[in-house]
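Comments concern the structure below.
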Amino acid sequence: MKKFLAFCALLIAAVSYSPFSILAATGSESPAAKVPIWFCVPFAGLLLCIAIFPLVKAAWWEKHQPLVVAFWCLLFICPFAITFGADMAAETILECLLNDYLTFIVLLFGLFCVAGNISFEGDLAGSPSVNVVFLAIGTFLSSCIGTTGASMLMVRPMIKMNSWRKRKSHIMIFFIFLISNIGGCLTPIGDPPLLMGFMRGIPFFWSLHLLPMLLVNMMVLLTVFYFIDKHNYRKDIAEGMRPDISKPGTNIRLEGAHNIIYLVMIITAVILSGFLPSLPAFSNADGTVRGISLDGVVLGFPSIIEIIIILLAAFLSFRTSDPQNRIKNHFTWGAIREVAVLFVGIFITMQPALMILKAAGPELGISMPFQMFWSTGLLSSFLDNTPTYLVFLTTAGSLGFTNGIATAVGVIPAQLLTAISCGAVFMGANTYIGNAPNFMVKSISDENGIRMPSFFGYLLRSFTFLIPVFVLDMLLFFL
Amino acid sequence: MENNQDKCRELARQIYELDADVYQLSGSILGRTFNGDKEQHIATLAALIYTHPQGHVLRSEIALIGNMARTISNKADRSRMMTRYNEILKEIEKIPSSFGSVDIVDEQLAALNISNPDHPKTGDDHLIICIGRTHGSAGTDIGFALADALKINYYDVEIFNMVLDRLEAEKDSFNDRENFDPKLDHIYPSTPAKRRCSDFSRYHGLPKKDAIFFNQSDLIRDMAKKEDFIVMGRCADVILTNNRIPHISIFITAPFQQRVRRMMEVNHLEYKETCKLLKKLDRKHERYYHFYTGRKWGDAVNYDLCINSACYGIKESVELIMRMIDKYPRPHKN
């Protein structure tokens, strides 16, 4: 505990002494490594806009989101181009768009389309116990089909089951906690950081070591959820809300169930993107991945194959499904459009923060599991968790351990790797922007009569419910 | 003030209808913003507009309809709905932020009390008397005698049996949780796994007791539209209030020692045993009522009339209630 407190003090001191100073990696030749911290202002500005505008100018924000995103992007790109040159700026943006954003948004798009064609029909009524079971199933499903896949597949049935209730935003919040984030920790398919780890030599089934942490988190969160849901359920009943259960017996059926095939196609594409780069046919003599070069930035063939398969699955899903399913699912492009617009801005403007992290990460002096857990986690709450995970994985690999898991970046002790993995996967739940499905679930809920909390409202709830759970994780597993 | 209330109610109706139209045009089956009983939602919205027209709760509720309206695929429909949405918002902005009132009367509550002289006589209302009672207070006897005197139907365990018929359930697998008869007060047998599965399907994933309560609620509500009756317990007072159905709610109790004495005589029980049993039944009754209504059982503010039956006895209690009802003409006679 003392070490933890000392670590917190160190982090606070580091933050308070370094604003507006230039963080540079000693000996690094890359200009990107000398990015001043004020380059992060557009990122902070965009986050503040996402947090504040929906509260104060909702209609204006909805209409002008692309303009606001463009404004903050330009506010980053122009000074960056002036400081480091237009070529460097173009390369940074292209790299971010092609190798990070494109695959991210195509995967999200594919899963959104396919899941939107699967309609859950039935008169199952959302009660605390049914919701707990549903969340538990979804949590494990996240590790099988990914957090995004499970979220897209289960969000509508969850909304429909609880449509008779008035108080339901807490259900969607715990949905984000468990299905959209924490559940993805058991396999590399579950969450992109773990896939990156798999690509760097961590065995495919090694992530199953995270099962005890998952079970502890599930147990605590589902218990808390049960009591909160029961409290709200009783309030709903007291106000006269009741489900339509006039017909005896429950009929549950899936319409458009053949879309499961396309879902499997997408998951296969994701696995292939992690597996193919290791094959000789897809790598050059120097070990880099082969692909199409655009202005010096390479879009690897494995990524191209992944994109093609996903888009094909989405296309086939639309061609072979009854449009009525989409209408019943209240399928609109609003949610994916909002995420696509906001996240292109987030991906671009967070580049300086990632560069600083890459440069300063190895010099933070972080070597203990609990330090890795909190550092990876807190940064993953706001930044993309995949590069954050890679930074700390590389840092851990460079610490010179001789016992542990042999990876492409060095030998990493199991406890350290567990801490990094848990931090990256679990703490994406801390904010709406911590993981892509979070925002999708929020947007879909907003469109279907559920009053979701604001950015800060969600942050407050995640601090209330998640941080104590993460402290418990630290005490049980990482000290 | 009445004009303002009418205006609020009209606006609430417009909001509700907008939500219904938007939901229909979206084609969704995932649920609308205002699910459930129309009149109940309109009343709640009207109260919200009347008390906090510029409040964030009202704004957020309406914004949810706006969110859904923006997703309507047909442009003309979307534009039409958004125009209606904006008009409603403008109307709400015009409403003054508060309406002063010095009277203690709650118009909504008064409108539901058919013994109130200001109760609007629609001709469709039935005489419905909900009686809550403590065990041993002779409430059941008073209710039965009252039904006999008024020549209207009396419902107690009959509602429970009707629910079972409706659920096509096996009667031996149930206990009437509302019927706090000591003979039924035993530990419920554990349910085998197979039955749990069939129960899950039969009750739509809801706990059995909740499914029964929801069905009881539906039955009471449906009956209230058709006939005059007296209903004993079953949270009927709150069910009818929530469904905006006029009724009279009465709570009958008596001092603890008096109830003990009566129970000992009626059931031939020992003093200690009776005290223990009565306390236990009161606790159970209180928990049940609180679970489904969020209210405190026996709290005077929840009833139109509270009677200490020890002061009147069965016959006088019946006459007391009769005097209350007969003071004003009955709204409808079968």
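Taken together, the values in this text are just the output of simple stated rules run on the coordinates, not laboratory data. Fair warning: this is a prediction, and the values are worked out from it, not measured in the lab. Note: ideal-geometry Cβ built from the backbone for every residue, glycine included; neighbour counts use all protein chains shown.
How do A:Cys185, A:Cys73 line up, fewest other C-beta atoms within 10 Å first?
Numbers: A:Cys185 28, A:Cys73 19.
By the 10 Å Cβ count, ascending: A:Cys73, A:Cys185.
Taking 0.36 nm per intervening residue step and subtracting the Cα-Cα distance, what contour gain separates B:Lys194 from B:Glu273 on full extension?
Working: separation 79, 0.36 × 79 = 28.44 nm, distance 3.78 nm.
Using 0.36 nm per residue and subtracting the Cα-Cα distance, I get 24.7 nm.
Let me know the charge dipole size of the protein assembly as shown about its Cα centre in debye, to the nearest 20, where only the beta-carbon of Lys, Arg (+1) and Asp, Glu (-1) is charged. Numbers along the way, then the final one.
Values: 75 positive and 72 negative charges, 167 e Å.
My answer is approximately 800 debye.
Quick one: net charge around A:Gly116, please, counting Lys, Arg +1 and Asp, Glu -1 for every other residue with C-beta under 9 Å from its C-beta. Before the final figure, lay out the partial values.
On the way: positive: A:Arg156, A:Arg326; negative: none.
That sum, taken over residues with Cβ under 9 Å, equals +2.
How big is the Rg/Rh ratio for segment A:2-478, C-alpha atoms only, Rh by Kirkwood, two decimals? Write down the numbers at each step before the final one.
On the way: Rg = 22.2 Å, Rh = 23.2 Å.
Result: Rg/Rh = 0.96.
Return the loop-located GluC sites (Glu not before Pro) in segment B:231-334 (DSSP other than H, G, I, E, B) with at most 11 other Cβ atoms within 10 Å of their own Cβ; answer none if there are none. It would help to have the intermediate numbers written out before the result.
Numbers: sites: B:Glu265, B:Glu270, B:Glu273, B:Glu286, B:Glu316, B:Glu319; in loops: B:Glu270.
Passing both the DSSP loop test and the Cβ count: B:Glu270.
Please turn the phi angles of segment A:157-165 into ³J(HN,Hα) values with the Karplus equation 6.51 cos²θ - 1.76 cosθ + 1.60 (θ = phi - 60°), one per residue in order, whole Hz, x for glycine and proline.
Those phi angles translate into x, 5, 5, 5, 4, 9, 5, 6, 9 Hz.
Can you list residues whose amide H is under 5 Å from B:Tyr154's amide H, if they're 5+ apart or on another chain and H is modeled 1.01 Å from N?
Distant-sequence amide H within range of B:Tyr154: B:Ile230.
Let me know the mean shielding of B:18-24 by other chains, meaning the per-residue number of their Cβ atoms within 10 Å of its Cβ.
Values: counts 0, 1, 0, 0, 1, 3, 0.
If you average over the peptide's residues, the count of other-chain Cβ atoms is 1.
Could you tell me how many degrees, from 0 to 90 and to the nearest 10, lie between the Cα long axis of helix A:86-95 and the main elongation axis, the longest principal axis, of the Cα atoms of chain A?
40
So how long is each side of segment A:240-394 along the principal axes, counting just the alpha-carbon atoms, biggest first, in Å?
Here the spans come out as 65, 46, 28 Å, largest first.
May I ask for the distance between the Cα centers of segment A:214-258 and segment A:464-479, given as a whole number of Å?
Taking the Cα centre of segment A:464-479 as reference, the centre of segment A:214-258 is 27 Å away.
Expressed as a whole number of Å, what is the distance separating the alpha-carbon centroids of segment A:265-288 and segment B:222-265?
Result: 72 Å between the Cα centres.
Show me, for segment A:57-71, the HN-Hα J-couplings you get by feeding each phi into the Karplus relation (A = 6.51, B = -1.76, C = 1.60, θ = phi - 60°), rounded to Hz, glycine and proline as x.
3J(HN,Hα) across segment A:57-71, in whole Hz: 9, 4, 5, 4, 4, 4, 7, 10, 3, x, 5, 5, 4, 4, 4.
Explain nothing, just compute: Karplus ³J(HN,Hα) = 6.51 cos²θ - 1.76 cosθ + 1.60, θ = phi - 60°, for every residue of segment B:25-39 in order, whole Hz, x for Gly and Pro.
Each residue's phi maps through the Karplus curve to give 5, 6, x, 5, 10, 7, x, 9, 5, 10, 7, x, 5, 4, 4 Hz.
Once you list every other residue whose beta carbon is under 13 Å from the beta carbon of A:Asn131, what net charge do they have if Lys and Arg are +1 and Asp and Glu are -1?
On the way: positive: A:Lys160, A:Arg165, A:Arg167, A:Lys168, A:Lys230; negative: A:Asp229, A:Asp236.
Local charge sum for A:Asn131: +3.
Across peptide B:209-217, what mean number of C-beta atoms from other chains lies inside 10 Å of a residue's C-beta?
Values: counts 0, 9, 6, 0, 2, 9, 4, 0, 3.
Counting other chains' Cβ atoms within 10 Å and averaging over B:209-217 gives 4.
Report the relative contact order of chain A, percent, no decimals, based on alpha-carbon pairs under 8 angstrom and at least 6 residues apart.
Values: 706 pairs, mean separation 108.9, N = 479.
It comes to 23 percent, rounded to a whole number.
State, in angstrom, two size descriptors of the protein assembly as shown derived from its alpha carbons: Rg to one decimal place and Dmax to the nearest whole number.
31.5, 103
If you find the alpha carbon centre of segment B:21-82 and of segment A:102-171, how far apart are they in angstrom?
23
Amide H to amide H, which residues 5 or more places from A:Gly291 or on other chains are under 5 Å from it, using H placed in the peptide plane?
A:Phe301
If you split all Cα-Cα distances of segment A:247-324 into 10 Å bins from zero, what percentages do you get per bin, shortest first?
Spelled out bin by bin, segment A:247-324 gives 17, 33, 23, 15, 7, 3, 1 percent.
Of B:Lys194/B:Lys276; A:Lys328/B:Lys226; B:Lys208/B:Lys280; A:Lys63/A:Lys168, which ones are farther than 25 Å apart at the Cα? Display every interim value, and only then the final one.
Working: B:Lys194/B:Lys276 36 Å; A:Lys328/B:Lys226 35 Å; B:Lys208/B:Lys280 22 Å; A:Lys63/A:Lys168 27 Å.
Listed pairs above 25 Å: B:Lys194/B:Lys276; A:Lys328/B:Lys226; A:Lys63/A:Lys168.
Can you compute the FRET efficiency between A:Val41 and A:Ile292 using 1/(1 + (r/R0)^6), with r the Cβ-Cβ distance and R0 = 30 Å? Round to the nearest 0.05. All intermediate terms of the calculation are to be shown ahead of the outcome.
Numbers: r = 34 Å, r/R0 = 1.13.
The value I calculate is 0.35.
Over the Cα atoms of segment A:292-363, compute the convex hull volume and normalise it per residue, giving Å³. It would help to have the intermediate numbers written out before the result.
Working: hull volume 10.9 nm³, N = 72.
Normalising the Cα hull of segment A:292-363 by residue number yields 151 Å³.
How high is the relative contact order of segment A:350-395, given as a whole-number percent (alpha carbon pairs under 8 Å, six or more residues apart)? Before the final figure, lay out the partial values.
Values: 25 pairs, mean separation 23.4, N = 46.
In percent, rounded to a whole number, it is 51.
Just for the protein assembly as shown, what percent of DSSP beta bridges are antiparallel, to the closest 5?
Numbers: 13 of 30 bridges.
Of all bridge pairs located within the protein assembly as shown, approximately 45 percent are antiparallel.
If neighbour count is taken as other Cβ atoms inside 10 Å, put A:Trp60, A:Trp206 in order from fewest to most.
Working: A:Trp60 12, A:Trp206 20.
Final ranking by Cβ density, sparse to dense: A:Trp60, A:Trp206.
Please rank A:Tyr101, B:Tyr50, fewest neighbouring Cβ atoms within 10 Å first, as an exposure proxy.
On the way: A:Tyr101 19, B:Tyr50 22.
Ascending number of Cβ neighbours within 10 Å: A:Tyr101, B:Tyr50.
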